[in-house]
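Have a look at the structure below, then the notes.
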Amino acid sequence: MPLKKLKIGVSACLLGMRFRYDGKCKLDQRVVDMLLDKVDFIPVCPEVECGLPIPRPKMHLEHSSGGTRLKVTEDGRDLTLTMEQWAEGKLDQIERRDFAAFLCKSKSPSCALKSAALLDSRGQLIRHDAAGIFVKLLKRRFPKMLIAEETELEDFVKHLNLDIFTGEKQ
Ligand code: SF4
């Protein structure tokens, strides 16, 4: 009987889905080449799945006394609650579907693991190693899950230990 493939969540834009705020393609061909025939990709786009359109205005993370907020850059609209409410159901689904790992898009205010910009209320950069709002919740819910940005693809693949799951010789 064939061994089951690992289910890997992946930021949808890395697979070439044009879900970015500007509608542009961010396909990372390395992700496809290294993993396509070895894992089951499950694309996730927090911004589109929580109901935002394509294209949409750019967003950023903003520090506030109440915690990090997801804000629309041009008009300051706060979309944190929209994202958090959607994420609650999505994280339940991820648990049910038993994701083994998540590969996320760097620098995104929703998907980054450790490379999003965090601004103050005047738009000044505080740090550029923040987690995106969705991935922060993902990490909190699944502290042991392997999560990496596409910039760390080689290490990510190593840690997946795919040989065990594909039955290939080690
Ligand atoms: S980075 Fe995340 S939220 Fe942005 S387009 Fe890609 S999958 Fe969607």
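Values quoted throughout were computed directly from the atomic coordinates according to the rules given, and no laboratory measurement underlies them. Keep in mind that what you see is a predicted model, and the values were worked out from it rather than measured.
Side notes on the structure shown:
- Residue with peak Gaussian network fluctuation, the chain [Cα springs, cutoff 10 Å], from Val135, Val44, Val157: Val157
- Set Lys38/Lys114; Lys38/Lys136; Lys26/Lys114; Lys58/Lys136 screened for pairs whose C-alpha atoms are more than 21 Å apart: Lys38/Lys114; Lys38/Lys136
- Between Lys158 and Leu36, the contour length at 0.36 nm per residue exceeds the Cα-Cα span by 42.4 nm.
- Antiparallel bridge percentage (DSSP; both residues within segment 21-170; nearest 5): 55 percent
- Area projected by the alpha carbon convex hull of segment 118-163, averaged over all directions, nm²: 4.3 nm²
- Highest-MSF residue in the chain out of Lys158, Lys38, Lys24 [GNM, Cα springs under 10 Å]: Lys158
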